[in-house]
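For reference, the structure discussed in these notes is given below.
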């Protein structure tokens, strides 16, 4: 057929490390638990803006700069982010990726994260530390959704690339990368064990001149 697919975006999903990431994830979970316990300002902010859960977004959003463990995570994430940038055909010659933000999220049963995007960056992502059975996926929205006007609904059997929403159910040890302008959300988990928590680490990448700071 004389069709040309235009203006697509791609989601990148991969295991962060080969083998079992259990020990590394447990170390991250333990450090996040300690941070959450000590971060009274973050608890207060989360109570107002992230009801029922915890995020260090407002208080500790550069964990890769203050924690050796999170710095190790950043070093491991960086090759994936660079591969993704190149796969999207961004011209990275003379430019380098810089992680600008990195924060932790803890989502118990029924906690949700509303639809949003990540301004002032061009690649964003999430690393999944703990994903109990039944925990919610990350849900992406077609950026054209508000412009479709009088369009009829898509067929249920239409390819994922043309559906208005795409949900990715990540597993612990997996990272998901996406372009920062892509709106996304995390619905509430309704079937996890009451004591379980969905734990993730979110981050943003910007770019700068490779000669800067040299």
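Sort out which residues of the range 51-74 are under 17 Å from residue 130 (Cβ atoms) and crowded, with 18+ Cβ neighbours inside 10 Å, and write them in order of number.
53, 54, 55, 56, 63, 70, 73
Report yes if some residue within the range 75-95 is surrounded by 14 or more Cβ atoms within 10 Å (Cβ to Cβ), more than 19 Å from the chain's Cα centre (by Cα), outside any loop (DSSP other than H, G, I, E, B) and at pLDDT below 95; otherwise report no. Scanning the range 75-95, I find at least one residue that is surrounded by 14 or more Cβ atoms within 10 Å (Cβ to Cβ), more than 19 Å from the chain's Cα centre (by Cα), outside any loop (DSSP other than H, G, I, E, B) and at pLDDT below 95, so the answer is yes.
On the stretch given as the range 65-82, residues that are touching a strand residue (DSSP E or B) at 6+ places or on another chain (Cβ under 8 Å), touching a residue at least 24 places away in the same chain (Cβ under 8 Å) and within 16 Å of residue 12 (Cβ to Cβ) total 3. The strands (runs of 3 or more DSSP E) found wholly in the range 113-214 and carrying at least 1 residues that are touching a helix residue (DSSP H, G or I) at 6+ places or on another chain (Cβ under 9 Å) and in contact (Cβ under 8 Å) with a residue 60 or more places away in the chain occupy 123-130, 165-168, 174-179, 197-209.
With respect to (1) closer than 30 Å to residue 191 by Cβ; (2) in a helix (DSSP H, G or I); (3) touching a strand residue (DSSP E or B) at 6+ places or on another chain (Cβ under 9 Å); (4) free of Cβ contacts under 8 Å to residues at least 40 places away in the same chain, the lone exception for residue 58 is condition (2).
If a residue must be farther than 21 Å from residue 196 by Cα and assigned to a helix (DSSP H, G or I), how many such residues does the range 14-48 contain?
Adding up the residues that qualify gives 5.
For the range 14-23, state whether one or more residues are surrounded by 16 or more Cβ atoms within 10 Å (Cβ to Cβ) and under 23 Å from residue 81 (Cα atoms). Yes, some residue in the range 14-23 is surrounded by 16 or more Cβ atoms within 10 Å (Cβ to Cβ) and under 23 Å from residue 81 (Cα atoms).
Scan the range 96-112 for residues that are part of a loop (DSSP other than H, G, I, E, B) and buried (at least 20 other Cβ atoms within 10 Å of the Cβ) and jot them down. Passing the criteria: 109, 111.
The values are calculated or read from the model by the stated rules, or taken from the named source; none is laboratory data. Note that the structure is predicted; figures quoted are calculated from it, not measured. Positions of Cβ are generated from backbone atoms using ideal geometry, with glycine treated the same way; all protein chains shown enter the neighbour counts.
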